[in-house]
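S.K.: The structure's right below; bear with me while I get my questions together.
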Amino acid sequence: WTNKIVMVGHDGVPYRLEGWSPQPIRYLPVMRAIEALEDKSELEASVYVHEGHAIWALSCNSWTWCYDLTTNEWHERVSYGRDRWRCKATVKAFGKWVGGDDTGKLFAIDPAHKKECGDPLVWQVTSATATGFPNGTIIPGAEFDMLAGVGVANGEEPIETDPEVLIDWSFNGGVTWSEPETCKLGQQGEYDTEIRINRIGAVGNRGIQFRLTVSDPVDATLFSGDMRDPKAKAS
């Protein structure tokens, strides 16, 4: 690990050392999660490098937050069927970053591998809330600009050959969500595949959020999303 030293201070704020000076990495969801943790001894950190991104991962029994030192952004990470990322420690060995979990398994952090110890690696993006609509405004549909045609012709059927994305939405700030709609991401070479949903419904005073989930073992990339009418964007 050749990047900055990162740690959690006694005030519950993550810090990055710049020389001998600690600089706070303030991100409200992470600071709230640390503050709400009754037993701070649960906190454990690990590091790895993934496709040129230096990641510092902070975990407890109920969550994992990852700080990308390359982009200065945070994201969550969770393993299938768990509340947190299964990795408890990492080491660089044999030219790879190797992680270990609480069952004694070792695994390489490899961007070419689309599963985690045989389990799905679930990709999920939740939009910001689009607001400013009069109550009762009907949203007839939404379109999402995603990388299409990502299926693998000789892959596992149907999760690799004909992958899908699940899209659901919330009218109350993420408290409850609709039943998910299923859209195709496109078989190999089907780059013109359109990802859209229809008949979304009427918006209240809390606006609308969208959530996209891909559990199939393919590349998932979201560029943008648009509601067709009224002219508003989810970012």
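S.K.: Using the beta-carbon distance between GLU38 and LYS105 and R0 = 22 Å, what value does 1/(1 + (r/R0)^6) give for FRET efficiency, to the nearest 0.05? All intermediate terms of the calculation are to be shown ahead of the outcome.
M.R.: Working: r = 29 Å, r/R0 = 1.31.
Efficiency at R0 = 22 Å is approximately 0.15.
S.K.: How large is the helix-only mean residue ellipticity at 222 nm for the chain, computed as the sum of -39500 (n - 2.57) over DSSP H runs with n ≥ 4, divided by its residue count, in deg cm²/dmol to the nearest 500?
M.R.: Rounded to the nearest 500, the figure is -1000 deg cm²/dmol.
S.K.: In square nanometres, what is the average projected area of the Cα convex hull of segment 1-61?
M.R.: Result: a mean projected hull area of 4.7 nm².
S.K.: Over segment 72-224, calculate the relative contact order: mean separation of alpha carbon pairs under 8 Å at least 6 apart, over the residue count, as a percent.
M.R.: 28 percent
S.K.: Can you pull the percent of segment 154-202's accessible area that's carbon plus sulfur, 1.4 Å probe, other chains left in place?
M.R.: Answer for segment 154-202 is 42 percent, counting heavy atoms of protein chains only.
S.K.: Here's a follow-up. Any idea what Rg and Dmax come out to for segment 19-100 if you just take the C-alpha atoms, in Å?
M.R.: 13.3, 40
S.K.: With a 1.4 Å probe and all protein chains left in place, how much accessible area per residue does segment 1-136 have, in Å²?
M.R.: 61 Å²
S.K.: I've got another one for you. Quick check: with the 1.4 Å probe, what order do ARG199, ARG82 take by accessible area, largest first?
M.R.: These residues rank, largest area first, as ARG199, ARG82.
S.K.: Let me ask you something else. In square angstrom, what is the accessible area per residue of segment 171-220 with a 1.4 angstrom probe?
M.R.: Heavy-atom accessible area per residue stands at 56 Å².
S.K.: Using the crude model of +1 on Lys and Arg Cβ and -1 on Asp and Glu Cβ, and no other charge, please compute the dipole size for the chain relative to its Cα centre, in debye to 20.
M.R.: About 680 debye.
S.K.: I'd like the carbon and sulfur percentage of the solvent accessible area for segment 1-134, probe radius 1.4 Å, heavy atoms only, ligands and nucleic acids excluded. Please report the intermediate quantities before stating the final value.
M.R.: Details: 4200 of 8080 Å².
With neighbouring chains kept in place, the figure for segment 1-134 is 52 percent.
S.K.: So what does TYR48 come to for accessible area, using a 1.4 Å probe and Å² rounded to 10?
M.R.: Approximately 10 Å² for this residue.
S.K.: Give, to the nearest whole percent, the P(r) tail of segment 73-124 beyond 18 angstrom, counting all Cα pairs.
M.R.: Cα-Cα pairs of segment 73-124 separated by over 18 Å account for 32 percent.
S.K.: A follow-up question, please. To the nearest 10 square angstrom, what accessible area does CYS183 show with a 1.4 Å probe?
M.R.: 10 Å²
S.K.: Among the trypsin sites (Lys or Arg not before Pro) in segment 19-57, which ones are in a DSSP loop with at most 10 other Cβ atoms within 10 Å of the Cβ? Mind listing them?
M.R.: Sparse-neighbourhood loop trypsin sites (Lys or Arg not before Pro): ARG26.
S.K.: With the cut-off at 22 Å, tell me which of the pairs LYS92/LYS114; LYS40/LYS114; LYS40/LYS92; LYS105/LYS184; LYS4/LYS92 have Cα atoms farther apart than that.
M.R.: Going by Cα-Cα distance, LYS40/LYS114; LYS40/LYS92; LYS105/LYS184 fall outside the 22 Å limit.
S.K.: A further question follows. What number do you get for segment 36-178 when its Cα radius of gyration is normalised by 2.2 N^0.38 Å, N = residues?
M.R.: Scaled against compact globular proteins, the figure is 1.28.
S.K.: Just to verify a number: what accessible area does VAL122 come out at with the full protein assembly present, 1.4 Å probe, Å² rounded to tens?
M.R.: 70 Å²
S.K.: Counting only protein chains, not ligands or nucleic acids, how are LYS184, LYS115 ordered by accessible area (probe 1.4 Å), most first? Walk me through the intermediate numbers first.
M.R.: Working: LYS184 90, LYS115 70 Å².
My answer, sorted largest first, is LYS184, LYS115.
The values are calculated or read from the model by the stated rules, or taken from the named source; none is laboratory data. Every value quoted in this text rests on a predicted model; they were computed, and no experiment measured them. All Cβ positions, even for glycine, are placed from backbone atoms using ideal geometry, and neighbour counts span all protein chains on display. The accessibility values were calculated without ligands, DNA or RNA, using every heavy atom of the protein model including side chains. Shrake-Rupley method; radii C 1.70, N 1.55, O 1.52, S 1.80 Å.
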